[in-house]
Amino acid sequence: MATWLAIRKPVTGLRSTLLKFLAFLLPLAMWCAVSYCPFVWHPLVQVTEPGDSGFDVGMTCEPRVFADINKSLLADGKKPCVAVPANPKYLPPPHRVARALYTAFTTEPYLKGDPWLHESLVRSLQVIFFGFAGAMLLAIPIGIVCGTFDAASKIVEPFVDFVRYMPPPSFGALMMAIWGLFDAPKVAIIFIGCFFNMVLVTANTARNLDGSLLEAAQTLGAKRFGLMMHVIVPGILPGILKDVRICLGAAWTFLTAAELIGNMSGLSEFINQQQKHQNYDNVYAGVLMIGIMGFVIDQILAFIGSVIFPWTPDANHRARRWFRWLGFITQPVEGSRPEPLRPEEIAGLRRAVPSAEASGAEPPIAIPAIKELTHAER
């Protein structure tokens, strides 16, 4: 228990994997309990045998109404209806939603012209890509400049901080007036929702760079441009990638509102059409597809970051071995190692350092190796 609940100590190995699985299994277990266990929450009843009631098989009603109807039927000597506990129609069980995730891709829409799920998904990805890529390409350089130069921060960030509190969908009417009724205003809404937040988080990441790195570079004669290109930008790239992942989540959040502007399109149109036909299995399938796509893209970015930034704490050293064909990207930086020290190497370093110090000779290992040994021991 002490290992699981240690304060600010990472949970690693099999325990870490188990906790990550539980993050998804626990909500799924709650959904299954609500769906399959009548004693947990089944507020309605579903008719299985209508008798003389006039109900159709599959209809639902409240238990009180069902009891009153059966009481009336029995009083008149008619055949009562039979029902079983059920949840509302808007809460389908997991197996029906799982089936809908497949059938939505293979079943023709109700009406000719309605989008298939894969068509809606592709269109949503296009809107996300163009809106978020435009915001990222413009906001990151501005944020780096604001985080580096205080004058730029004071002239840019107050206005940016003011605009970011305005809900992006409120610009919908204006964007339609400028860009029309199709995908352009949707891209603009995603851009507005991501750009201003990304400027601020990137500037904050640039400010949090270790000041000793700048002082060391200035001591070695680095000028303003050299500090920017060779110290600040490389030093904050891992942090910027994390900022991009956070802002990408905001882009998916704004997507559903953006796609309802003008001519509805994408996953929002698919969900809206399925709701009109009360096909809630497909509604959940569309909502889950948004979450799945966002999560997969976020994990791809995290994986890429662990490969190209091997010095960060969450670096994936095993993934680096899979990507050796990337050449210089996967080559270890001078003075560093692509993977942690092995136990026999740690034992050798422990023996070498004290013996070298006792003889007054320079230790036969490099400083980075010593630092890595300390990190490995921790």
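Only the coordinates and a few stated rules stand behind these numbers; no lab work does. On a predicted model such as this, the values are computed, not experimentally measured, just so you know. Every residue, glycine as well, gets a Cβ built from its backbone with ideal geometry; the counts of neighbours run over all protein chains shown.
Observations
- Residue-wise HN-Hα couplings along the stretch 245-252, as the Karplus relation 6.51 cos²θ - 1.76 cosθ + 1.60 with θ = phi - 60° gives them from phi, are 5, 5, 5, 5, x, 5, 4, 5 Hz; Gly and Pro carry x.
- Cleavage-rule hits, trypsin sites (Lys or Arg not before Pro), the stretch 1-64, DSSP coil, Cβ neighbours within 10 Å at most 12: Arg8
- Taking amide H as placed 1.01 Å from N in the peptide plane, Gln46 has its amide H under 5 Å from the amide H of Val84, Ala86, each at least 5 places away in sequence or on another chain.
- Listing Tyr284, Tyr110 from fewest to most neighbouring C-beta atoms within 10 Å gives Tyr110, Tyr284.
- Rounded to the nearest 0.05, the FRET efficiency derived from the C-beta distance between Leu301 and Leu74 at R0 = 45 Å is 0.10.
- Stretched out straight at 0.36 nm per residue, the stretch from Ile7 to Ile155 would grow longer than its current Cα-Cα span by 49.1 nm.
- Those chymotrypsin sites (Phe, Trp or Tyr not before Pro) in the stretch 158-217 that DSSP places in a loop and that have at most 10 other beta carbons within 10 Å: Tyr165
- All distinct Cα pairs of the stretch 44-86 go into the 1/r average, and the inverse of that average, the Kirkwood radius, is 9.9 Å.
- For the pair the stretch 175-217 and the stretch 275-310, the centres of their Cα atoms are 22 angstrom apart.
- Counted by neighbouring Cβ atoms within 10 Å, the residues Arg99, Arg245 run from fewest to most as Arg99, Arg245.
- Residues with amide H under 5 Å from that of Lys79, placed H, sequence gap 5 or more: Asp52
- For Leu213 and Glu62, the FRET efficiency from 1/(1 + (r/R0)^6), where r spans their Cβ atoms and R0 equals 51 Å, is about 0.15.
- Here the spin labels are modelled as points 7 Å beyond Cα on the Cα-Cβ line, and at Phe162 and Leu18 they lie 5.5 nm apart.
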